[in-house]
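Please read the structure below before turning to the comments.
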Amino acid sequence: MFHHTRTVIATIVILILTASQVAALGRVARRYNVMDLYGGTSGPVGKYDGLAGFVDFTDADDRPADVDGDVLYDPTFHLGINYGQLRNNRMLVTVGFRWTKIEAINLLGLNTVRREGLAILLDPRKPSINQYDLDFDFNYMFLSIAQGSFAPYVRVGFRAGFTSVTAKGFESESRLNTVLAANFGAELKLWEHAQKRAFLTVASVNSYDLLSTGDRPRYFNLGAALKYYFRP
């Protein structure tokens, strides 16, 4: 756990330094800076042997056990904001902040319930669980959105942050964690400045969380973004 904590803290520092470097690169001519706002739905995926580092799951014989994500979590939603730079008309690098509202079905509590051989702790008082992240993305566009009107893309995303649990009558708790995601989608240009100094697009923003630390909830995310590109 201590090793993971050091890794996450180091990652957050790297992301902050990267953000400052992206801002500095924005002064280079013939490159576009970009800001975007996005949001969407998140469906749980994967299996878990605990709840985000707070609780470990065991079976009827007290052995570690896995729980399907759709048993442990309800579908939910996420919101985010990014800032970055489009370089060489194809490569887009962004850093930003992302919030995910974690909706849980079965949570920690006092009553032990067996379901398919699992001992899952339930709490009738539903705690508030949230995920807060710094988000780093590298995007590759198959077509140039600066020169054309449509561009599909793929990208790799890395998020580092913490899961926070708050419940009435209990102290708030947080756990640091990270996730690696594969992203894909497409952009459609809505408006462009006459001298091509700025343009506005709408984009599909989809991702699948591949790997995570500390039993962090993983999701298949579907969403949309409004993106503003401009030259300094």
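Rule-based calculations on the coordinates, nothing more; no lab input. Remember, it's a predicted structure, so these values are computed and weren't measured experimentally. With ideal geometry, Cβ positions are generated from the backbone for all residues, glycine too; neighbour counts draw on all protein chains shown.
Applying both filters, DSSP loop and at most 15 other Cβ atoms within 10 Å, to the trypsin sites (Lys or Arg not before Pro) of region 138-216 gives 168, 196, 197.
Qualifying GluC sites (Glu not before Pro) in region 134-232, where qualification requires a DSSP coil assignment and no more than 11 other C-beta atoms within 10 Å, comprise 171. Where the centroid of each part is defined by its Cα atoms, how far is region 138-202 from region 205-222 in Å? For region 138-202 versus region 205-222, the Cα centre distance is 13 Å. In loop segments of region 136-232 as defined by DSSP, the chymotrypsin sites (Phe, Trp or Tyr not before Pro) with at most 14 further C-beta atoms inside 10 Å of their C-beta are 142, 170. The translational diffusion coefficient of region 137-232, from Stokes-Einstein at 20 °C and 1.002 mPa s with a Kirkwood hydrodynamic radius over alpha carbon pairs, comes to 137 µm²/s. Take the Cα of residue 197, go 7 Å toward its beta carbon, and the backbone nitrogen atoms of region 213-232 under 11 Å from that spot belong to 231-232. At full extension, residue 77 and residue 149 could sit 23.1 nm farther apart than now, given 0.36 nm per residue minus the alpha carbon distance. Run a plain Debye calculation on region 153-201 (Cα atoms as equal point scatterers, no solvent) and give log10 I(q)/I(0) at q = 0.22, 0.27, 0.28 Å⁻¹, rounded to two decimals, same order as the q list. The Cα Debye sum returns log10 ratios of -0.85, -0.97, -0.99.
Need one number: nm distance between label points at residue 231 and residue 88, each 7 Å from Cα along Cα→Cβ, rounded to one decimal. Modelled inter-label distance: 2.0 nm.
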